Structures are given as C-alpha cells and as structure tokens.
Amino acid sequence: MPILTKNLPYNRISKLLLSSALGAASVLGFAPFYFYPVSILSLVGLIYLWRACESAKQAALIGFMYGLGLFGAGIYWIYISLHIYGGMPRIMAGLSTFLLAAFLSLFPAMAGALSMRISSNQKHAFLIAVPVFWALADWIRSWIFTGFPWLTIGYSQLPYGPLAGYLPLVGVYGVSLVTVLIASLTSALFSKNLTASCRRGAIAALLLLIITGALLKLVTWSNPDNQPFSVSLLQGNIDQSIKWAPETALRTLNQYLDMAEQSNSKLIIMPETAMPVLSNNMPPEMLDRLKQHAIKNEGDILVGMVERENGEYFNSVLSYGSAETAVYRKSHLVPFGEFIPFKLVFGWIYRDWLNMPLSDLSSGSTHQQPMQVAGEKVAVNICYEDVFGEEIIHQLPAATLLVNVSNDAWYGDSYAADQHMQFSQARALETGRMMLRATNTGATAIIDTKGYVTAHAPHFVQTTLDGTVQGYTGTTPYVRWGNWPFVIFSLLVIALLWRRNSIVRQ
C-alpha cells in the first residue's frame, strides 16, 4: 500500500503545503521575534523534503512553495504601502504584493533545483550544494534589479544566535551559508542510510560550527575612539497621510525645531525627510536657530530634507552646527518608490494608480565621505541603504560611527520597521561600529558594536531617544574584503561539485 499511495496527488499537495508552512514559520527567526532556531528547523524540514524529491523539477516546486510561505508572511506589509498609503486599488495592491513574493520565491526554487542537478550522481554532495546555492541565491537577490535582500536567511541568526559571530568575518551571506549548512547537516542525521562514522562526522561538524561562532562573538574587532558623548534621536511620529500636505508643513517644521531645541545633546539627529520642504525653501530663521542651538551644545544637528539642484531632486541629510555644513545624498534609491525604472513602461502606474510623493529622485554618489560632525566621522545612510552591507563599507574604515535615518511610516504597524532595524544590527556587527537610527515612527534605536539594541523608543509616539554613544576605530575582515571571499569560495565549491559529478557520471 505505501508504494501505491506515495505518488497520489493529495500526498504531493500535502508536501507543497508543508513546504509553504515551513517557509512561513521561518519568519519567526527574524525581528521582531528573534527566535533564531526556528529558521534553522524550518530549513531542516525543507531539506528533508528536497532529499525525497525524484527530480530537479520537484525540488524547484517545493522550494518555490517554501518561498511563498516565507515571503508571503514576511513582506505582507508591501500591501499596506501600496494600498493604504499609496492609494493603489485593493486588488492591484494584493496582486502586486503576491507577484513580488512569487518572484522572490524563484530563488529558493533555483537553489533546490540546482542542488539536485549538481549532485545527481553523488547523494551526499547534495548536503553541501544546498547551503552554497542558497547563500548565492541570497547574494544575487541583493543586487539583481537593484536588489531586495529582505529576509536573507543569515539575518535570522543575529544578534542573539551563536552564528552571529561569523558576521564580521564573512558578512550576512556567509552567515546564510553557515546557517543552511547547519540545517543540512542536521537533516542528514535523520537519514536511515547514514553510517555511524558519517553520523559522528556530522555531529562533530555541527558542534565545531556552533562553538566557533560563539567564540567569535567574544572577539573585539574595533576599539573605542575619543570620549563618549550625548546623542538625541528625534522621532516626530508624523502620519504618512499628512506628511507632505502643504497645510501641515509649517506645523511639522515647528515640531522638529522645538524637539531639537529641547535637547542638550552634542549630536541631534532627525529622521529621513523630517522637514517636508526643499532645503532651499527652508525658512532661514529656522535654519539659523538650529545652527545656533547646535553650536551652544558644542555639536551638530543632522536634518533630513530633499535637495534640489540643477533640476534634480535628492533625498539628503544636511548637517548644521559647530562643524562646516556637510551633505549626504542617498545613492541607492528604492525602485518604484524613489525612482521609476523603465519609465516609458511603468510610468502609467504612478499617473493612474499611485499617489507617492518624491517618486522620481536622482541618486547621489556611491562613494561619499563620512560627515565630520560632533567630533566624529559619521557614515550616514538613508532608509533601506543599510540593507546593503557592501555599500555601507564604502565609508569605512574611516567612519567611526554609523547613522541611519528612515521613514517606515509607509508600512503601518507591521513587522517592517523591526525587520529594518535588524539590518542595522547586522551593519553594526559587520563593521564594529555603533549604529544610531532616527526614524519618523520607529524603530528609533541605539545599537552597539555587537548588534544589540541598547536603547529603543516606543513606536508611533512623538518622542526623543537620548543616550550616550562612542566612536570606534579598527577594521573587521568584512570591512576589508566585503562579500568577495564568500562569493569566490562558493563558486569554487560549485566548480568542484560539478567536476566530481561529471567524473562520477562517466
């Protein structure tokens, strides 16, 4: 009877549904939950299903369903942005969110199919191929079509898991590889055909990977520089639906001015586009008050505004105070949010369906220097630029402090803000620098060099988060080499597996 029923349609459907459920469960490994073992266990289940597949096509389908569960549950907030705040019709917003999740699901599908193909003649090689192809798929997802590396599996392990210790060495994609390798080795332990010696080897490898990661967390990669100083992170809690309304602009300007003048900190930071006016339209008397207040505090104020220059618009941060005024312009823009790719093809979507201000910005230089403010060299990044670790290190090791300014009000009361903060935690770990996050509605936070949140403002309230921070110097291996060691290693492993599989086939 088992032979007769194993290929029945309902059995195949149950496997697909199980795969999707495993993907959805993996979201618990990410912020705001941080249950990092869950993501590994979900991968164990996925790899177990993959190992029972009879073809690469079956593996691709199971991987795709896993992805639908992962991304469907993990980035549902895209719908909120498109429909609630963007004004897109409900059906189109739902369809667009589903299509994005489906596109992202192609990457785990590809990882499963390629792993199956490259190990068709050597079963144990599958356990090695899966981590390499999965991590490479995560990496490719970070740059293809400008990149969307949300829910990269390596993030699920930080900052609390032992595997977070690998981050300063190999970055988040290297941690993805180690994470899936641990899941792969764990799934092997459930194999009935595994010999005793192989079982002992798998257990030893698991212990070695976990213990090494835990020990690496104890390593100090950077050193304090100068003296600790005070900082204030302003969270204005301006509702996205009225943020750019002309009738509320002056009220918003006065609100942030009042919040800044109530702070005695050496460094005061406002969120992304905190001031809802062009920089050259900012009332001169307000700018003078900001500058004089910062000088009184013997420090500086960072202000998020939109600049206009030669007919182009930039999402920028400008500094005012004791130091000479400096400017950072966002270089990695959000497709369909800050610029319109293939404008001739997609421009009608903005004209007919969406109501998103500042949807056609210009990008700043990819190699900008840190700001010299408050006695520190500050590497500023705007919004989801902190998702791209290889871009953050452009300002390092010169920078002594990282600052992210964001406005995640577009995503309502969802997981998005906490997931975004987890990216900042990764950047702090990778670089050995503290990260300061000033946001409109949350998550406003101070993050230490180990990726731990030391202070966190409540979401959706107007508040100022005060704290004491420290600049750091030093260079982690990731700052020095970026993602290249991981990429080269992965390609070499694939080449060896392909060659060995070819030899076995002959």
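The values are calculated or read from the model by the stated rules, or taken from the named source; none is laboratory data. Keep in mind the model is a prediction, meaning the values are calculated, not measured. Please note: Cβ atoms are built from the backbone with ideal geometry, for glycine as well, and neighbour counts cover all protein chains shown.
Tabulated data
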{"read-out": "Residues satisfying the stated conditions in segment 227-275, i.e. in contact with a Ser or Thr (Cβ under 8 Å, 6 or more places away or on another chain) and without any contact (Cβ under 8 Å) to a residue 40 or more places away in the chain", "value": "Ile242, Asn264, Ile268, Met275"}
{"read-out": "One residue from Ala102, Ala183 being surrounded by fewer than 22 Cβ atoms within 10 Å (Cβ to Cβ) and in a helix (DSSP H, G or I)", "value": "Ala102"}
{"read-out": "Among (1) in contact (Cβ under 8 Å) with a residue 60 or more places away in the chain; (2) under 25 Å from Ser331 (Cα atoms); (3) under 17 Å from the mean Cα position of the chain (by Cα), the one test that Leu402 misses", "value": "(1)"}
{"read-out": "Candidate set: segment 377-400, residues that are more than 24 Å from Phe229 (Cβ to Cβ) and of a type in the set (D, E, K, R); chosen: the one surrounded by the most Cβ atoms within 10 Å (Cβ to Cβ)", "value": "Glu385"}
{"read-out": "Arg117 being more than 27 Å from Gln157 (Cα to Cα), outside the structural domain of Asp418 (by TED's automatic domain parsing) and not polar (S, T, N, Q)", "value": "yes"}
{"read-out": "Selected residue (only one of Phe126, Phe145, Phe103 is closer than 25 Å to Ser424 by Cβ and out of contact with any Cys (no Cβ under 6 Å at 6 or more places or on another chain))", "value": "Phe145"}
{"read-out": "All positions within segment 208-236 that are among the hydrophobic types (A, V, I, L, M, F, W, C), part of a loop (DSSP other than H, G, I, E, B) and surrounded by fewer than 20 Cβ atoms within 10 Å (Cβ to Cβ)", "value": "Leu218, Val219"}
{"read-out": "Index of the failed condition, Leu151 passing every other in (1) at pLDDT below 95; (2) within 24 Å of Thr97 (Cβ to Cβ)", "value": "(1)"}
{"read-out": "Number of positions in segment 455-490 that are touching a Gly at 6+ places or on another chain (Cβ under 7 Å) and among the polar types (S, T, N, Q)", "value": "3"}
{"read-out": "Filter result for Asp258 (out of contact with any Phe, Trp or Tyr (no Cβ under 9 Å at 6 or more places or on another chain) and modelled with pLDDT of 90 or more)", "value": "yes"}
{"read-out": "Unmet criterion (only one of (1) in contact with a Lys or Arg (Cβ under 9 Å, 6 or more places away or on another chain); (2) modelled with pLDDT of 80 or more; (3) surrounded by fewer than 24 Cβ atoms within 10 Å (Cβ to Cβ)) for Pro357", "value": "(2)"}
{"read-out": "Per-region count, segment 237-270, residues over 20 Å from Ala323 (Cα atoms), under 25 Å from the mean Cα position of the chain (by Cα) and crowded, with 22+ Cβ neighbours inside 10 Å", "value": "1"}
{"read-out": "Condition met for Gly72 (surrounded by fewer than 22 Cβ atoms within 10 Å (Cβ to Cβ) and either in a helix (DSSP H, G or I) or not assigned by TED's automatic domain parsing to the domain that holds Gly112 (or both))", "value": "yes"}
